[in-house]
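Following: one structure in C-alpha cells, then a few remarks.
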Ligand code: BG6
C-alpha cells in the first residue's frame with residue numbers, strides 16, 4: 001500500500017450527507033486502523049463560519065451513534081484529526097486558504113517520507129460540482145515532487161437526463177482524468193452486491209443455468225416502508241426512477257446479467273457492465289406502471305399537482321444471446337408495506353413434471369441485499385412423512401446466523417477505502433453513466449411532460465395493483481411469495 005501523507009477534504013462538511021455518512025465512515029476506517037493518525041488529516045470545508053471545535057461537536061453525535069462507549073476515546077482522537085476551513089464554493093479565496101492548510105499538514109508529515117495524497121469528497125449538491133472542481137484544479141492540486149495524487153469523489157444525482165449528465169461529465173472531464181474521478185453509487189459498496197460476481201462466477205452450480213434456457217425472469221426489488229418526509233423538495237425534482245432505478249437497481253442488473261470478465265481488473269469488469277447496458281432495449285410504455293402514494297403532496301415542499309412517481313415497476317429487456325426473452329423486472333417504491341432490497345431469479349418450470357408440484361412454486365434463487373442479508377434457494381423437496389407429497393422449502397444462508405459476530409461494513413466505509421487505494425471497480429465509469437441515462441431518458445421525458453400519470457396507492461400497501469398484474473404478465477409466479 002501507498003504510504004505518505006493523506007489529506008481527506010470533505011466539502012460540504014456541515015451538510016447532512018457529510019454528518020450522517022462521510023464522517024461516520026471515516027471514523028470507522030480510523031477505528032479499524034485503515035487511517036493512521038501519523039499520516040492522515042481530515043479537512044472540513046463549507047460556507048458556514050464555524051470553528052474547528054464547532055464542527056467537531058456537530059459531528060460527534062453521529063459518530064457515537066451505534067458505537068459502544070468504549071470507543072469514546074477513539075472518537076476524541078479522531079475528532080482531533082479534523083480541521084475546518086470556511087469559504088465559498090465559487091471563489092478562489094477560500095480554496096487558497098484550504099490549500100495552505102493542506103500544504104502545512106503535508107510539510108509537517110512529508111518531512112519524514114513519501115508522497116502526498118489529496119482526496120476531495122464532494123458532499124455537495126451537483127449544481128456546484130463544476131465550480132468546485134474548477135477551484136480544486138486551480139488552487140488545491142497535489143504539488144509534491146515525490147509523486148502522489150489528487151482524486152475527486154462525487155455522488156449522484158449526476159444530472160437529470162442524458163443531456164444534463166453529459167454536460168456535467170464534460171465539465172468535470174475537462175478538469176480531471178477519468179482515473180481521478182470516483183462516482184459513488186453506494187449500492188456497489190453493499191456486501192451482497194459485491195458478492196454477486198463471486199456467486200455467479202465461482203460456483204459451478206450456476207454457470208450452466210444462468211441463461212434464457214433456464215431462467216424465466218429476474219426481479220430486482222427495492223421497497224421502503226417510509227415516504228419522502230424531510231426531503232420532499234429534492235425527491236419531487238427527481239422521482240423514484242432517477243433516485244433508485246437508474247442507478248442502484250441498474251447497477252445490480254449489470255452484475256446479474258454481465259458476462260464473465262477476463263480478469264478482476266476494474267476496467268475489465270466495467271467493460272462488461274457497459275456491454276449489458278448497451279444491449280438494453282427501449283422501455284415500452286405498456287411495460288411500465290407508475291405510482292404515487294396518497295398524501296405525498298401534503299408535504300409543503302411538494303407541489304399539489306406533482307406528477308412525480310414514488311413507485312415504479314417496469315420491465316427491461318436485454319437483447320443478447322444470453323438473455324433474449326427474459327424479462328428483468330424492476331420494482332421500487334417509497335411508503336410500501338416493508339423495507340427490503342432483493343434480487344429474485346426465478347427458474348422455468350421443470351419439463352414433464354411427474355410430481356404435479358409446479359403449482360407450489362418454482363425454483364428461485366434469492367439474494368436479499370438488506371435487511372437482513374441473506375441468500376436462499378427455494379426448491380421442491382419431499383414432504384417428510386409416509387406420503388409421497390412435495391413441498392417448497394429453502395436452502396438458507398442467512399448472514400446473521402452463518403456469520404455471527406462478523407460486522408458487515410457500511411457501503412460508504414468500503415467505498416472510501418477504495419478511493420484511497422485507487423480501486424475503481426465499484427465506481428461508475430463515465431460511459432456506464434451515459435449508457436444508463438440513454439436507457440431511461442425517453443421514459444423520463446414522457447413522465448416530465450405529463451404524458452404518464454402515476455396511479456395512487458395507499459401508504460403501507462404493496463403499491464398499485466396494476467404493478468402486480470404487470471409482474472404476472474411478465475411471467476413471475478408468486479403464489480408462495482404473496
Ligand atoms: C439513496 C436514495 O440513494 O438510497 C434514497 O436517495 C434511499 O431515497 C437510499 O432511501 C436507500 O439506501 P439504502 O442503503 O438504505 O438502501
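The values are calculated or read from the model by the stated rules, or taken from the named source; none is laboratory data. Computed from a prediction, not measured in an experiment: that's the story for all the values here. Every residue, glycine among them, receives a Cβ derived from its backbone with ideal geometry; neighbour counts consider all protein chains shown.
Kindly indicate whether residue 156 is touching a residue at least 60 places away in the same chain (Cβ under 8 Å) and touching a strand residue (DSSP E or B) at 6+ places or on another chain (Cβ under 9 Å). Explain how you work it out, then say what you get.
On the way: touching a residue at least 60 places away in the same chain (Cβ under 8 Å): yes; touching a strand residue (DSSP E or B) at 6+ places or on another chain (Cβ under 9 Å): yes.
The answer is yes for residue 156.
For the subset of region 202-252 comprising residues that are away from the ligand (no atom under 16 Å from the Cβ) and touching a helix residue (DSSP H, G or I) at 6+ places or on another chain (Cβ under 8 Å), which member is nearest to residue 312 (Cα to Cα)?
Initially, region 202-252 is screened for residues away from the ligand (no atom under 16 Å from the Cβ), giving 202-219.
Applying the additional criterion that residues be touching a helix residue (DSSP H, G or I) at 6+ places or on another chain (Cβ under 8 Å) yields 206-207, 210, 218-219.
Working: 206: 30, 207: 31, 210: 26, 218: 16, 219: 13 Å.
Within region 202-252, the match that is nearest to residue 312 (Cα to Cα) is 219.
Filter region 175-186 for residues that are touching a helix residue (DSSP H, G or I) at 6+ places or on another chain (Cβ under 9 Å) and farther than 15 Å from residue 270 by Cβ and give the result. Walk me through how you get there before you give the answer.
So in region 175-186, the residues touching a helix residue (DSSP H, G or I) at 6+ places or on another chain (Cβ under 9 Å) come out as 175-176, 178, 181-186.
If the condition is that a residue be touching a helix residue (DSSP H, G or I) at 6+ places or on another chain (Cβ under 9 Å) and farther than 15 Å from residue 270 by Cβ, then 175, 176, 186 are the ones that fit.
For region 138-187, enumerate the residues that are away from the ligand (no atom under 16 Å from the Cβ), part of a strand (DSSP E or B) and modelled with pLDDT under 95.
Of everything in region 138-187, those that are away from the ligand (no atom under 16 Å from the Cβ), part of a strand (DSSP E or B) and modelled with pLDDT under 95 turn out to be 148, 149.
Hey, does region 401-409 have a residue that's farther than 30 Å from residue 463 by Cα, touching a strand residue (DSSP E or B) at 6+ places or on another chain (Cβ under 8 Å) and either more than 16 Å from the ligand (Cβ to nearest atom) or assigned to a strand (DSSP E or B) (or both)?
Within region 401-409, the first condition is being farther than 30 Å from residue 463 by Cα, and the residues that meet it are 401-409.
From what is left, the residues that are touching a strand residue (DSSP E or B) at 6+ places or on another chain (Cβ under 8 Å) are none.
Scanning region 401-409, I find no residue that is farther than 30 Å from residue 463 by Cα, touching a strand residue (DSSP E or B) at 6+ places or on another chain (Cβ under 8 Å) and either more than 16 Å from the ligand (Cβ to nearest atom) or assigned to a strand (DSSP E or B) (or both), so the answer is no.
Can you name every residue in region 307-336 that is within 16 Å of the ligand (Cβ to nearest atom) and either surrounded by fewer than 23 Cβ atoms within 10 Å (Cβ to Cβ) or outside any loop (DSSP other than H, G, I, E, B) (or both)? Let's see the steps before the verdict.
Restricting attention to region 307-336, the residues satisfying the condition of being within 16 Å of the ligand (Cβ to nearest atom) are 308-312, 330-336.
Once the filter is applied, which keeps residues that are within 16 Å of the ligand (Cβ to nearest atom) and either surrounded by fewer than 23 Cβ atoms within 10 Å (Cβ to Cβ) or outside any loop (DSSP other than H, G, I, E, B) (or both), region 307-336 yields 311, 312, 330, 331, 332, 333, 336.
Does residue 428 satisfy the condition of being buried (at least 18 other Cβ atoms within 10 Å of the Cβ), modelled with pLDDT of 95 or more and out of contact with any helix residue (DSSP H, G or I) (no Cβ under 9 Å at 6 or more places or on another chain)?
On the way: buried (at least 18 other Cβ atoms within 10 Å of the Cβ): yes; modelled with pLDDT of 95 or more: yes; out of contact with any helix residue (DSSP H, G or I) (no Cβ under 9 Å at 6 or more places or on another chain): no.
Criteria not met by residue 428.
What number of residues within region 200-236 satisfy the criterion of being within 19 Å of the chain's Cα centre (by Cα) and in a helix (DSSP H, G or I)?
2
Given the criterion in contact (Cβ under 8 Å) with a residue 60 or more places away in the chain and surrounded by fewer than 21 Cβ atoms within 10 Å (Cβ to Cβ), identify the matching residue among 122, 196, 175.
On the way: 122 fails: surrounded by fewer than 21 Cβ atoms within 10 Å (Cβ to Cβ); 175 fails: in contact (Cβ under 8 Å) with a residue 60 or more places away in the chain.
196 is the lone residue from the list that is in contact (Cβ under 8 Å) with a residue 60 or more places away in the chain and surrounded by fewer than 21 Cβ atoms within 10 Å (Cβ to Cβ).
Which one is surrounded by the most Cβ atoms within 10 Å (Cβ to Cβ), of the residues in region 385-408 that are in contact (Cβ under 8 Å) with a residue 12 or more places away in the chain and under 23 Å from residue 28 (Cβ atoms)?
399
Name the helices (runs of 4 or more DSSP H) wholly inside region 2-118 in which the number of residues that are out of contact with any helix residue (DSSP H, G or I) (no Cβ under 7 Å at 6 or more places or on another chain) and buried (at least 19 other Cβ atoms within 10 Å of the Cβ) is 3 or more.
Numbers: elements: 23-31, 52-64, 72-80, 92-110.
Hits in region 2-118: 92-110.
Determine whether residue 468 is free of Cβ contacts under 8 Å to residues at least 60 places away in the same chain, closer than 30 Å to residue 357 by Cα and surrounded by 15 or more Cβ atoms within 10 Å (Cβ to Cβ). Quick ask: steps written out before the conclusion?
Values: free of Cβ contacts under 8 Å to residues at least 60 places away in the same chain: yes; closer than 30 Å to residue 357 by Cα: yes; surrounded by 15 or more Cβ atoms within 10 Å (Cβ to Cβ): yes.
Taking the combined requirement at face value, the residue satisfies it.
Taking region 119-135, which residues are within 22 Å of residue 164 (Cα to Cα) and either touching a helix residue (DSSP H, G or I) at 6+ places or on another chain (Cβ under 7 Å) or modelled with pLDDT under 90 (or both)? Can you show your working first?
First, the residues of region 119-135 that are within 22 Å of residue 164 (Cα to Cα): 121-135.
Correct list: 121, 122, 123, 124, 126, 129, 130, 133, 135.
Counting only residues that are within 16 Å of the ligand (Cβ to nearest atom), part of a loop (DSSP other than H, G, I, E, B) and in contact with a helix residue (DSSP H, G or I) (Cβ under 9 Å, 6 or more places away or on another chain), how many does region 337-373 have?
2
Can residue 291 be described as away from the ligand (no atom under 14 Å from the Cβ), free of Cβ contacts under 8 Å to residues at least 60 places away in the same chain and not in a helix (DSSP H, G or I)? Spell out the reasoning first.
On the way: away from the ligand (no atom under 14 Å from the Cβ): yes; free of Cβ contacts under 8 Å to residues at least 60 places away in the same chain: no; not in a helix (DSSP H, G or I): yes.
Taking the combined requirement at face value, the residue does not satisfy it.
Filter region 253-281 for residues that are out of contact with any strand residue (DSSP E or B) (no Cβ under 9 Å at 6 or more places or on another chain) and part of a loop (DSSP other than H, G, I, E, B); which is nearest to the ligand (Cβ to nearest atom)?
By that ranking, first place goes to 258.
List pairs: first residue in region 219-237 and closer than 20 Å to residue 249 by Cα, second residue assigned to a helix (DSSP H, G or I) and within 8 Å of the ligand (Cβ to nearest atom) anywhere in the structure, Cβ distance under 6 angstrom, at least six positions apart or on different chains.
Going by the 6 Å Cβ cut-off, the qualifying pairs are 222/244; 228/235.
Taking region 188-201 only, how many residues are out of contact with any strand residue (DSSP E or B) (no Cβ under 8 Å at 6 or more places or on another chain) and either farther than 26 Å from residue 26 by Cα or away from the ligand (no atom under 16 Å from the Cβ) (or both)?
Total satisfying the criteria: 4.
Considering only residues that are assigned to a helix (DSSP H, G or I) and out of contact with any strand residue (DSSP E or B) (no Cβ under 8 Å at 6 or more places or on another chain), which ones fall in region 419-434?
Answer for region 419-434, where residues must be assigned to a helix (DSSP H, G or I) and out of contact with any strand residue (DSSP E or B) (no Cβ under 8 Å at 6 or more places or on another chain): 421, 431, 432, 434.
Could you say whether any residue in region 180-192 is within 29 Å of residue 221 (Cα to Cα) and surrounded by fewer than 17 Cβ atoms within 10 Å (Cβ to Cβ)?
no
Return the pairs, sorted by first residue and then second, in which the second residue is within 16 Å of the ligand (Cβ to nearest atom) and in a strand (DSSP E or B), the first residue lies in region 368-384 and is free of Cβ contacts under 8 Å to residues at least 40 places away in the same chain, the beta carbons are less than 6 Å apart, and the residues are 6+ apart or on different chains.
As it stands, the answer is 374/368, since those pairs meet every condition given.
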